[in-house]
1. When the accessible area of the range 489-535 is computed with all protein chains present and a 1.4 Å probe, what percentage of it is carbon and sulfur?
2. Rounded if a/c is under 1.5, else prolate if a/b is larger than b/c, else oblate: which is the range 132-173, with a ≥ b ≥ c the root eigenvalues of its Cα gyration tensor?
3. Please give the solvent-accessible surface of GLU232 in Å², to the nearest 10, using a probe radius of 1.4 Å with every protein chain present.
4. Tell me the per residue accessible area of the range 143-308 using a 1.4 Å probe; a whole number in Å² is fine.
5. Compute the FRET efficiency between GLN95 and PHE478 as 1/(1 + (r/R0)^6), taking r as their Cβ-Cβ distance and R0 = 30 Å, and round to the nearest 0.05.
6. When all C-alpha to C-alpha distances in the range 324-485 are sorted into bins of 10 Å, what percent of pairs does each bin hold, rounded to whole numbers?
7. Sorted by accessible area with a 1.4 angstrom probe, largest first, how do TYR63, TYR325 fall?
8. Mind putting a number on the dipole of the range 384-427 about its Cα centre? Charges go on the C-beta only, +1 for Lys and Arg and -1 for Asp and Glu, and I need it in Debye to the nearest 20.
Amino acid sequence: MAEAGTGFLEQLKSCIVWSWTYLWTLWFFIMLFLVYILRVPLKINDNLTTVSMFLNTLTPKFYVALTGTSSLISGLILIFEWWYFRKYGTSFIEQVSVSHLRPLLGGVDNSAPSAASAAGGDADANRQSVSECKVWRNPLNLFRGAEYNRYTWVTGREPLTYYDMNLSAQDHQTFFTCDTDHLRPADAIMQKAWRERNPQARISAAHEALELNECATAYILLAEEEATTIVEAEKLFKQALKAGEGCYRRSQQLQHHGAQYEAQHRRDTNVLVYIKRRLAMCARKLGRTREAVKMMRDLMKEFPLLSMFNIHENLLEALLELQAYADVQAVLAKYDDISLPKSATICYTAALLKARAVSDKFSPEAASRRGLSTAEMNAVEAIHRAVEFNPHVPKYLLEMKSLILPPEHILKRGDSEAIAYAFFHLQHWKRVEGALNLLHCTWEGTFRMIPYPLEKGHLFYPYPICTETADRELLPSFHEVSVYPKKELPFFILFTAGLCSFTAMLALLTHQFPELMGVFAKAFLSTLFAPLNFVMEKVESILPSSLWHQLTRI
């Protein structure tokens, strides 16, 4: 019974909604009919004659001013709409219409699901959005003091955004602190230091902690932010390694004595892995690449479960510098797996190795004549796979866009990841003869295979729609964020552009040829109202004159 009553109410509601649509239409026609009937008492014809006489007395200068003002107003609207679209990626007029006017006009989705299913769908959508736009720590992030700050001193620009540095502060608190830090004075000071926003206050806190004890995290902070060269940073990291190994050995013996000791051991493990990884990166930056490769391999063997640091990407870059392509292929065979998360480094390095086999002899003219060989087809497919994963990278590798310093965090498949990859790997593509030429000839063909509007992917999941917003938070304001797919111009921008151009043209023509434009205007208006006059004449001829007389007397 309850279901039958609910169904009846739904049908009644739909009938009322349907009837209101036609009642509004009926009301509109009734109003038109009444206005026509009462045209004599209301003296509509006399008023129209007066208006036409007034318009005939106006000079062409009035029409020039009218059309010029219309062109100016529409031009200002166009400029505002274009600025709003470039900044927020949507039309202001459309956004206001959807957000405010549509509810007032009764715009409701009739196919709304039930409350429970809607809540579940929203939760799934939120989870998908978070997973798609998860921000990752950049495995090859630079040193703040020795690299980012030097850029600021030279250019006067800040390469890091507040959002990026805030994420780093959260990472530091997660990796370098634990619940038992308040029991040790030096660690308690560093716990506050990682939360401090002022760099000088953080550095002062690190020195204060070192006065109390040999604190590994204090040395890490000084190496990252106070050291002005890589050599200084390496010395501080070596001191941090000595202190960190001692803490790790002590906590390793006590890790099974309780939850607090286990948390402390986990923190000491993170600290030790971070120090060794940064020491390997220092060796790589100072030209000791073989030493860096050995340190990275040893670190991956010692801590195989700590994949959150993505040390294999550091290893891939160092092996490419040594041109040890067989070792690079061995690393890819382990990490380029369908069950593991992908990255631009994985996909584009695999494409580089495939391209290396054929790029030195590749010629687009010869390939068009004889077709692609099996090896060339494999290389092209690898490039298409890489471009589908991150379509922003080729423009940086081909130097169609200028590079900036990579951020400390990246968004996979986004512009930030493309910058981070190209910043370190452009030299490796240049070293392989013909690789960039092969990329230039084939990368745009990827977009012909991806369905539009990206409702499904070809080799990967559909491209997420949230990358632009996250990249704008991660990348500095002076960088023009690469957007994929390119957004089409909203209707109102095109409409205001056409309106501005049309009214400006009318103003110019009216100023230059006032008499001729007057003739055209009268001809246009007479043509516009001709169908209406024809209908009125037919109505008057059909209805009896006595009926019209009685209606007009009413």
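The values are calculated or read from the model by the stated rules, or taken from the named source; none is laboratory data. Bear in mind the structure is a predicted one, so any value in this text is a computation, not a measurement. Because the Cβ atoms are built from the backbone with ideal geometry, glycine has one as well, and the counts that use them run over all protein chains shown. Heads up: the accessible areas ignore ligands, DNA and RNA and are worked out on the full protein's heavy atoms, side chains in. Shrake-Rupley method; radii C 1.70, N 1.55, O 1.52, S 1.80 Å.
1. Numbers: 2870 of 3490 Å².
Carbon and sulfur: 82 percent of the exposed surface of the range 489-535.
2. Values: a/c = 2.12, a/b = 1.92, b/c = 1.10.
Prolate, since a/c reaches 1.5 and a/b exceeds b/c.
3. 80 Å²
4. Solvent-accessible surface per residue comes out at 53 Å².
5. Working: r = 27 Å, r/R0 = 0.89.
Working from the Cβ atoms, E equals 0.65.
6. Pair shares across the bins are 10, 39, 37, 13, 1.
7. From most exposed to least exposed: TYR63, TYR325.
8. It works out to roughly 120 debye.
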